[in-house]
1. I need the calculated FRET efficiency for the pair LYS85 and CYS122, taking r as the beta carbon distance and R₀ as 30 Å, to the nearest 0.05.
2. Place a point 7 Å from Cα of CYS141 in the direction of its Cβ. Which residues in the range 93-123 have their backbone N less than 19 Å from it?
3. Subtracting the Cα-Cα distance from 0.36 nm times the residue separation, let me have the gained length for ALA72 to SER102 in nm, one decimal.
4. If you keep only loop residues by DSSP, which trypsin sites (Lys or Arg not before Pro) in the range 72-111 have at most 16 other Cβ atoms within 10 Å of their Cβ?
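All of the numbers you see were taken from the coordinates with simple rules; none came from a lab. Please read these numbers as outputs of a predicted model, since none were measured by experiment. Cβ atoms come from the backbone with ideal geometry, glycine included; neighbour counts cover every protein chain shown.
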Amino acid sequence: MFDRAVVPAGPKVSGSRKRLPPVRLLVLSLLAGLVPLLGTPATAQAATACTGRPAKTVGFSTGELRVYKSRAHVCAVTIAKKPGKRRTMSVTLQARGGRAVSDKGSYTTRAGPVTVNALNRCVRATGAIGRKSASTGWILC
């Protein structure tokens, strides 16, 4: 009464070569595309500390202060030039007319991130590692 199509079970074999199922082929191609995006853990942490676009970077002898801006927020982080041993690090961020937000402690790689609401307001940031420091002055006005 009804004709049923016979569907072979398993991968198709053509001569001595086997075909990969479409799902496996898709997974392999996605993994191949992701391999170049993988980095070292320190790089990934430094890159994902703040969201937004880079607004200002101030370098100093022991590291650098990075400031990022999104639509309504500004974020800052201090990153050591030579990570490894613990030392005193700090980052402070203040929007004009607001209180300063800071993170200070003994860190190996970075201090922060600290974030303030700064929609249409100037901000200033200061970062320090050991006795060396850097400041932006009032920016993003």
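1. In this case the efficiency is close to 0.25.
2. What the label zone holds, given the 19 Å backbone N cut-off, is 93-100, 118-123.
3. 8.9 nm
4. Loop-located and lightly packed - LYS81, LYS85, ARG86, ARG96, ARG99.
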